[in-house]
Amino acid sequence: MVEASRGYASGVTTPRTAARTAQRSTVFRTLARIGFVVLGVVHGVIGAIAISISGGAAGDADQDAAMEQIRQTPLGVVLLWVIAAGLIALAAWQIAEAILEQDADAKRKWGYRVKYLGTALAYLALAGTAIATVLRARSGSDSTLSAQLLATPGGVFLLAAIGVIVAAIGIAFIIRGFTKGFEKHLDLPAGNAGRGIVAFGVVGYVAKGIAVAVTGVLFVAASVTHDAESAGGLDDALHALAELPFGTVILWIVGAGLIIYGLFCLARARYARM
């Protein structure tokens, strides 16, 4: 607060004072909460597509497919612009959190900052998908990106590194689910409502973590085999799960978990500490 006050007194706007001012804005907080609603809707749609695939239906279960499903609804284009705005606001909130992070332990402080900035990039990428869907300008597939990386000097190692990072993010989601690490970011209601939200969070984080971790494994496998076709995004990861023993059941469970994660995001929009 003293530092922020000094910034205002001197008339100089520093990144810290700008971030704190933004977080105090009711409009900014409202937009960020809309971002959580958006995440809930997108994950719910992806989960529903995954369940339909487990039943034998054709289609893709990824962010692009989810955005396309939304676009085809009444007022779909308007909804996609709202989705993009909410996600950009949520990304900006994460950037502000990174700037304002003040953990006494320097390693943990920078660890949190990296996490916040990584999350912001993920939200911005999802917002870009929404905008691209509106403009009907679909980006290239993950397999094309993998092929380009494998064709460059050192691309194998870069692709493997990407896979390891993505897999680590998935494992982090799973750990956060089992340890209930998300609770500290929520002002939960008392009683059964609060316990229900926590239960949804546990199931949702674990389900999303599994899907993300498998995506990372596919990237690593592509780097080892030099086969770009074996790499892919969330859709390929979910289809890979379907090919395992009892894969149909596993895919259905993960799809249901993604829907539950979507419901958790809706609750988070109401109870997130902001």
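What follows is calculated from the coordinates using simple rules that are stated; it is not laboratory data. As the structure is a computational prediction, the values presented were derived from the model and not from experiment. Ideal geometry is used to build each Cβ from the backbone, glycine not excepted, and the neighbour counts take in all protein chains shown.
Applied to segment 113-121, the Karplus parametrisation 6.51 cos²θ - 1.76 cosθ + 1.60 on θ = phi - 60° returns per-residue 3J(HN,Hα) values of 5, 4, 4, 4, 5, x, 5, 4, 4 Hz, with x for Gly and Pro. The phi-based Karplus calculation (6.51 cos²θ - 1.76 cosθ + 1.60; θ = phi - 60°) puts the 3J(HN,Hα) values of segment 80-85 at 5, 5, 5, 4, 4, 5 Hz, whole numbers, x for Gly and Pro. Ranked for footprinting exposure by Cβ neighbours inside 10 Å, fewest first, F219, F36, F28 give F28, F36, F219. Taking amide H as placed 1.01 Å from N in the peptide plane, the amide H of L186 sits under 5 Å from that of R273, each at least 5 places away or on another chain. Using θ = phi - 60° in the Karplus curve 6.51 cos²θ - 1.76 cosθ + 1.60, the 3J(HN,Hα) couplings for segment 14-31 round to 8, x, 5, 5, 5, 5, 5, 5, 4, 5, 7, 6, 5, 4, 5, 4, 5, 4 Hz; x is entered for Gly and Pro.
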